[in-house]
1. If you filter the stretch B:1-90 for GluC sites (Glu not before Pro), then keep DSSP loop positions with at most 12 other Cβ within 10 Å, what is left?
2. Using only the Cα atoms of chain B, what do you get for the radius of gyration and for Dmax, in Å?
3. Work out which GluC sites (Glu not before Pro) in chain A are exposed loop sites (DSSP not H, G, I, E or B, at most 16 other Cβ within 10 Å) and give the longest gap free of them.
4. At A:Trp36 and A:Asp173, where each label point lies 7 Å from the Cα along Cα→Cβ, what is the point-to-point distance in nanometres?
5. Run the quick spin-label model on B:Thr65 and A:Leu207: label points 7 Å from Cα toward the beta carbon, then report their separation in nm to one decimal.
6. If you bin the C-alpha pair distances of chain A every 10 Å from 0, what whole percents do you get?
7. May I ask you to derive the FRET efficiency for B:Trp54 and B:Ala20 from their Cβ-Cβ distance with R0 = 30 Å, giving the value to the nearest 0.05?
8. What is the fewest-to-most order of B:Ser271, A:Ser108 by other Cβ atoms lying within 10 Å of their Cβ?
Amino acid sequence: MTEETYRPQPAAEAAPPARRGRRGRRALSAGRLAEWRLGWLLCAPAALVMLIVTAYPILYSIWLSLQRYDLRFPDDREFVGLANYATVLTNGFWWNAFAVTVLITVVSVAVELVLGMGLALIMHRTLVGRGLVRTATLVPYGIVTVVAAFSWRYAWTPGTGYLAELTTGGATDPLTERASALAIIILAEIWKTTPFMALLLMTGLALVPEDLLKAAAVDGAGPWQRFVRVMLPVMKPAILVALLFRTLDAFRIFDHIFILTGGANETSSVSMLTYTNLIQGLNLGIGSTLSVLIFIAVAIIAFLFVKLFGTAAPGSAQEAG
Amino acid sequence: MAAFGEVTAGRKWRWGVLDALVIALALVPVLWIVSLSFKTPQTLTDGRFIPREWTLENYRTIFTTGLFTRALINSIGIALIATAIAVLLGLLAAYAVARLNFPGKRTLVAVSLLIAMFPQVSLVSPLFEIERRLGLFDTWPGLILPYITFALPLAIYTQSAFFRQIPWDLEKAAKMDGATQGQAFRKVIAPLAAPGVVTSAILVFIFCWNDFLFAVSLTSTEASRTAPVALSFFTGESQFEDPTGSISAAAVVITIPIVIFVLLFQRRIVSGLTAGAVKG
């Protein structure tokens with residue numbers, strides 16, 4: 001160690017300017033190559049795992065989706081082209097599940113945006129008990145979805161649940177009727193994920209300069225004007241990120257539906273439908289077709305977001321640094 | 001009217017009421033399942049929020065039947081192993097992303113972003129078939145593999161966000177003193193990076209602990225069935241017995257680690273989630 005700290009000055013330092021320039025450039029490019037190699041080496045394991053576990057199965061499921069392949073009748077396996085897609089896309093179950101998924105996604109994300117904004121403001125600005133509020137808020141975020149779903153299910157079960165008692169006195173079972181069941185699924189989803197939305201929005205709030213708010217107040221702007229004219233424009237990127245993440249996340253909804261209704265009474269989402277076809281129906285061909293269709297749907301949503309909001313999306317501008 | 005930003009008693013009161021409302025909304029469903037888990041079979045269906053009679057019978061039941069204990073061990077083991085691997089691989093990649101310039105860096109960030117948004121159900125069908133063929137179906141590695149994959153974006157994002165805040169001049173100083181890049185990383189930067197690593201480990205563990213879709217699709221027996229799946233399949237000891245009490249007790253048990261994490265690491269979780277999601 002001591003030997004190395006007393007290393008003599010590099011030769012290039014002492015050399016005349018002309019030679020130094022040439023040598024410097026060569027050293028730089030060698031150094032850069034080493035940096036590239038180290039970068040690749042460090043990223044390789046993560047990149048490989050991500051690619052092997054996602055890219056290959058997705059390609060494989062495209063291949064499977066072109067076959068008639070039912071695990072209960074493995075001998076009937078054959079290549080059927082796009083027949084599975086025709087089956088699914090002309091089937092009421094798919095379109096119903098698709099409509100349910102879109103409904104849940106749109107309603108829950110819209111409500112969460114409003115509630116999340118309120119919650120973010122509370123967590124950011126409250127004068128008392130800030131730590132306590134943040135801690136309590138993280139409970140819905142962290143809790144196992146299955147646990148939360150059971151809590152809601154029992155709360156609405158006639159005879160058992162406090163919410164069933166409060167609303168209908170336990171006369172009917174809201175989980176067995178389509179409209180009320182969907183409402184409960186959306187409610188459960190909102191309770192579980194609003195904190196996440198609020199946390200993402202809070203990063204945007206933190207960027208709003210306090211001086212600007214004070215200046216606006218001095219100029220006579222009321223609270224609502226300060227919010228719309230000062231806060232919202234600054235928060236726009238954070239809002240878009242939160243919307244994108246939550247939309248794609250809500251589109252995958254599965255756990256809540258599995259526990260709350262099991263997909264009965266036409267409350268299946270596309271994820272739930274895939275699970276039913278694959279694990280209960282053991283139909284790999286149809287299951288894979290559904291997988292591919294969901295993948296395409298999500299890709300379209302993501303594409304629209306990026307197209308509409310451009311550079312505000314993560315992964316573009318700021319990511320480069 | 002109070003001037004902007006002035007702290008008055010009235011303001012404090014209003015905030016206090018709002019805070020109480022938020023805390024109540026966040027905790028009521030959790031308290032409800034706790035309450036159910038302590039109810040006796042006779043009072044289970046009385047619809048009251050607070051039990052009239054308290055009992056530990058439900059907890060005794062789930063830990064004596066063996067099914068739940070086994071699932072709990074699966075959950076803990078699978079989540080811990082997946083977390084360790086994902087955080088380690090994420091650490092290496094995050095260091096490269098935060099510190100080095102190399103071609104393909106943007107691609108890596110873009111790929112991990114795509115995976116963060118990937119519809120996991122799209123993988124369920126092909127993985128089901130691939131794992132059946134490879135003999136990974138219904139095994140620990142069969143779940144650990146997809147967990148690592150979907151946790152990696154989170155691990156890379158949170159850690160690289162933390163790494164950007166480290167004073168890297170220290171690394172330069174260490175290199176001037178003759179340390180190699182590798183030594184500078186291990187001896188100088190790693191200790192400074194520890195908070196970021198811990199934060200990312202907590203978030204990844206919560207993610208693995210929470211998963212239901214893969215766990216319910218890629219397992220079939222108690223060999224690898226995790227706790228959330230096991231409890232969703234609970235039935236009473238006989239056909240006529242209601243499993244509500246047992247399910248509630250099991251639900252409370254798997255919530256305990258989450259509550260401990262939240263209580264101990266509230267600040268870290270908040271900063272990790274926000275840093276990881278927005279700053280990338």
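1. Values: sites: B:Glu6, B:Glu53, B:Glu57; in loops: B:Glu6, B:Glu53.
Filter output for the stretch B:1-90: B:Glu6, B:Glu53.
2. Just the Cα atoms of chain B yield Rg and Dmax of 23.4, 75 Å.
3. Details: sites that count: A:Glu177, A:Glu266.
Longest gap between qualifying sites, sites excluded: A:1-176.
4. Inter-label distance under the simple model: 6.5 nm.
5. 5.0 nm
6. Result, from short to long distances: 5, 17, 22, 21, 15, 10, 6, 3, 1, 0 percent.
7. Numbers: r = 26 Å, r/R0 = 0.87.
Efficiency computed from Cβ-Cβ geometry: 0.70.
8. B:Ser271, A:Ser108
Each reported figure results from applying straightforward, stated rules to the coordinates on display, with no laboratory input. Quantities reported herein were computed from a predicted structural model and do not represent experimental measurements. Here the Cβ is made from the backbone with ideal geometry for all residues, glycine too, and neighbour counts use every protein chain on show.
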